[in-house]
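K.L.:
One structure, as structure tokens, below. Some questions next.
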């Protein structure tokens, strides 16, 4: 079988509103997923062994907790497949930073193995499987920047203006479970309509709770304010600021304090997997 090399993109949330808590414990949200031209490099090689082998440049994650492995096994199970694969991931997206690295890897795995194993499942079928792996996974299956509602599974594609982003990640890992269970979290934001997006000043309802619990994230936010209107992505820990020009973002990156990590990326409307396989 052939080998497929592809980038698994990061995302940022241009807004994150929490509109209510459901009876199952999950939260209803409204968010804008902006894909970036920055991400993990993934390589897929198919075989007939039935095994799923994963290697990475980082410490290995136990298979039972690895979304890549879970995505591949789910596709095998749904299709009663007997084919296997070797997957290598060169991780660049910081872990636990609100940039969607694990979700993106899982979605990329579903999309690429659907092609590599010749499963011929529809995007909708892959997205259904993706929603069982995590709320952020379906948007990466479709591979398009989007407005999302529900728990993230109700997706409306968006054509977003081309912008550059400086994304900064402090040396801390924010627990999504901790933030969404925090008693001070805002859970009653009024729902918005897509047509009103141009008139809104975007915000993240998780931001104040994260800043209180993780002062280092607040420090990044305060530092970035000299360049514009920063915003935290997801439940953190990464914070970003937008720029009209790449040179402006790179100039700001050069001033980054040594204790933080950062990168500059351009917002994209379509991922590489969307352009090739969706």
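K.L.:
Please compute, over every Cα-Cα pair in the stretch 1-144, the percentage with a separation greater than 17 angstrom.
P.N.:
60 percent
K.L.:
Show me the three semi-axes of the equivalent ellipsoid for the stretch 1-53, from the C-alpha gyration tensor (sqrt of 5 times each eigenvalue), largest first, rounded to whole Å. Don't jump to the answer; show the numbers that get you there.
P.N.:
Numbers: eigenvalues 246, 70, 7 Å².
In descending order the semi-axes read 35, 19, 6 Å.
K.L.:
Roughly speaking, what is the centre-to-centre gap between the stretch 22-57 and the stretch 244-278 when only Cα atoms are used, to the nearest Å?
P.N.:
19 Å
K.L.:
I would also like to ask the following. Between residue 255 and residue 208, what is the label-to-label distance in nm when each label sits 7 Å out along the Cα-to-Cβ direction?
P.N.:
It works out to 2.9 nm between the two label points.
K.L.:
Can I ask one more? How big is the Cα convex hull of the stretch 199-278 in projection, averaged over all directions, in nm²? Intermediate results must be reported in sequence, preceding the final value.
P.N.:
Values: hull surface 28.6 nm².
Result: 7.2 nm².
K.L.:
Could you tell me how far the Cα centroid of the stretch 98-115 sits from the Cα centroid of the stretch 180-243, in Å?
P.N.:
So the two Cα centres are separated by 25 Å.
K.L.:
Here's another thing I want to ask about it. If you project the alpha carbons of the stretch 127-207 onto the principal axes, what extent comes out on each, in Å, largest first?
P.N.:
Sorted largest first, the three principal extents are 34, 33, 29 Å.
K.L.:
Can you give the angle from 0 to 90° between the axis of helix 67-79 and the longest principal axis of the chain, with both taken from C-alpha atoms, to the nearest 10?
P.N.:
Taking the Cα atoms of the chain, the angle to 67-79 is about 40 degrees.
K.L.:
Let me ask you something else. Is the shape of the stretch 119-163 best called rounded, prolate or oblate, per the rule: a/c under 1.5 gives rounded, else a/b larger than b/c gives prolate, else oblate, with a ≥ b ≥ c the square roots of the Cα gyration tensor eigenvalues?
P.N.:
On the way: a/c = 2.51, a/b = 1.53, b/c = 1.64.
Judged from the Cα gyration tensor, the stretch 119-163 comes out oblate (a/c at least 1.5, b/c at or above a/b).
K.L.:
Counting just the Cα atoms, what span does the chain cover along each of its three principal axes? Round to the nearest Å and put the largest first.
P.N.:
55, 44, 34
K.L.:
Hull surface divided by four, with the convex hull built on the Cα atoms of the stretch 139-278: how many nm²? Working shown, then result.
P.N.:
Details: hull surface 37.9 nm².
In nm², the orientation-averaged hull projection of the stretch 139-278 is 9.5.
Computed from the coordinates by the stated procedures, all read-outs in this text should not be read as laboratory data. Given the structure is predicted, the values throughout are model-derived calculations rather than measurements. For neighbour counting, all protein chains shown are included, and Cβ atoms are generated from backbone atoms with ideal geometry for every residue, glycine included.
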